[in-house]
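S.K.: What follows is a single structure, and I will ask about it in a moment.
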Amino acid sequence: HLDSDGRVHRVKELQDRIFSGGCDPALRREVWPFLLGVYPWDSTRLERAAILEDREALYKVTETQWRSITPDQMKRNALYRDREALVEKDVLRTDRKSDFYKGENNPNVSDMYEMLMTYCQHNFDLGYVQGMSDLISPLHTLYQGNKQHTFWSFVGYMEKMELNFTMDQKRIQEKLSELSSLVYYCDSELYNHLEREDSSNFFFCFRWLLINFKREFKPSEVYELWEVLWTCPYDTDYSLFIATAMLLQERNTIISRQMNFSDILRYINDLSGTLDLHTILGHAEALFHQIRSQEDLPFNIRANILHLSDTPYSSLGK
């Protein structure tokens, strides 16, 4: 897919292949900067080298800004103190069992702290919110300590995810409401059970949607899942269909055991690392096409989730 100058050709074809089967693990370090907007798809090798050089300089400037805060300034900057404390707390408990982060005085942990503090300065309005360390950690692992690739890929990822982390949590609340609509449409029995158990707010799925299922699958599967979300060819928030597929897979257990909210939350958390990704992805895509083909969809699903006009499904192609 590269020409002699290093430009990527047939981008749509490449994205579709990644969506259908994931990226070759050996190529992820080269492909992810394109998927996350670090490099334009039509950039040459020389242009990418220049982009990286500029980004390195900007990173150093931004890092210097927060490192140069004096103790006296810090006393009068409660926002900085709060963000630093939260970053420090989160990096010390993020993926510490993995080989890349385990052990005392691990430089990879220190680098994650540095990059998240630098991101606070880079995106001062948003700063740091709990959960962001779960998004940068797999990037840092993938790039094996290359801070420039990690940081700028994280910046690109956060451009996709920023609305998840706003203080009002408006987008997350919208996602939970949309998930509720999908489950109600697909499985009214499951929905009615959740409603009886005061669980129809779907708060037990909050973590899934906040950090794109990062804690629900094995690390290698998280990479593949994120690639699917980044290359999804459909005009929808595909994470909603993945979440729906996961819930429908577990619906018999939830109903038969008459689980209440606490039971469901505990059960959902215990599923971490036990789910089969390819089964879930297959169910999610089948679910998407099945729902999209219906003519009598509720307005919320048709307009707000699928973003469909009145054009019949058969004329819309895949």
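The values are calculated or read from the model by the stated rules, or taken from the named source; none is laboratory data. Because the structure is predicted, anything quoted here is derived from the model rather than measured. Cβ coordinates were reconstructed from backbone atoms using ideal geometry, including for glycine residues, and neighbour counts include every protein chain displayed. With ligands, DNA and RNA removed, areas are computed over all heavy atoms of the protein, side chains included. Shrake-Rupley method; radii C 1.70, N 1.55, O 1.52, S 1.80 Å.
S.K.: Compute the signed sum of charges (Lys and Arg +1, Asp and Glu -1) over the other residues within less than 13 Å, Cβ to Cβ, of Gln121.
M.R.: Net charge around Gln121: -1.
S.K.: Excluding same-chain pairs closer than 8 in sequence, count the lysine pairs in region 7-155 whose Cα atoms lie under 19 Å apart.
M.R.: 4
S.K.: DSSP loop (so not H, G, I, E, B), at most 14 other Cβ within 10 Å: list which chymotrypsin sites (Phe, Trp or Tyr not before Pro) in region 113-150 pass both filters.
M.R.: Qualifying residues, ordered by number: Phe124.
S.K.: When the dipole is taken about the Cα centre of the chain, and only Lys, Arg (+1) and Asp, Glu (-1) are charged at their Cβ, what size is it in debye, to the nearest 20?
M.R.: The calculation lands at about 620 debye.
S.K.: Then there's this: Taking the Cα centre of region 1-148 as the origin, how large is its charge dipole in debye, to the nearest 20, when only Lys and Arg (+1) and Asp and Glu (-1) carry charge on their Cβ atoms?
M.R.: 280 debye
S.K.: Which FRET efficiency value, to the nearest 0.05, is calculated for Gln65 and Asn252 with the Förster distance at 45 angstrom and r the Cβ-Cβ distance?
M.R.: After rounding to 0.05, the efficiency reads 0.25.
S.K.: How much FRET efficiency would the formula 1/(1 + (r/R0)^6) give for Glu195 and Asp235, where r is the Cβ-Cβ distance and R0 is 25 Å, rounded to 0.05?
M.R.: 0.25
S.K.: Rounded, prolate or oblate for region 64-129? Axes are the square roots of the Cα gyration tensor eigenvalues, ordered a ≥ b ≥ c, and the cut-off for rounded is a/c under 1.5.
M.R.: prolate
S.K.: Return one number: the angle in degrees, 0 to 90 and rounded to the nearest 10, between the long axis of the Cα atoms of helix 78-91 and the longest principal axis of the Cα atoms of the chain.
M.R.: The helix 78-91 is inclined about 70 degrees to the chain.
S.K.: Once the piece of chain linking Leu271 and Ala26 is laid out straight, how much longer is it, given 0.36 nm per residue of separation minus the C-alpha distance between them?
M.R.: Going from the current span to full extension adds 85.3 nm.
S.K.: In region 197-274, what chymotrypsin sites (Phe, Trp or Tyr not before Pro) fall in a loop by DSSP, with at most 16 other Cβ atoms inside 10 Å?
M.R.: Filter output for region 197-274: Tyr234.
S.K.: Quick one: with all protein chains in place, what share of the accessible area of the chain is carbon or sulfur, to the nearest percent (1.4 Å probe)?
M.R.: Using a 1.4 Å probe with all protein chains present, the chain comes out at 49 percent carbon and sulfur.
S.K.: Assign unit charges at the C-beta atoms only (+1 for Lys and Arg, -1 for Asp and Glu), then state the dipole size of region 79-199 relative to its Cα centre in Debye, rounded to the nearest 20.
M.R.: With only Lys, Arg, Asp and Glu charged at Cβ, the dipole is about 380 debye.
S.K.: Let me ask another. With everything on Cα atoms, drop me the angle between helix 277-292 and the longest principal axis of the chain, reported from 0 to 90° to the nearest 10.
M.R.: The angle comes out near 60 degrees.
S.K.: Using only the alpha-carbon atoms, how far is helix 147-161 inclined from the longest principal axis of the chain? Give it as 0 to 90 degrees, nearest 10.
M.R.: Approximately 40 degrees, to the nearest 10.
S.K.: Given Cα pairs under 8 Å that are at least 6 residues apart, what percent is the relative contact order of the chain?
M.R.: Result for the chain is 17 percent.
S.K.: Among Met158, Leu2, Cys232, whose Cα projects farthest towards the positive end of the dipole of the chain, with charges put on the beta-carbon of Lys, Arg (+1) and Asp, Glu (-1)?
M.R.: Met158
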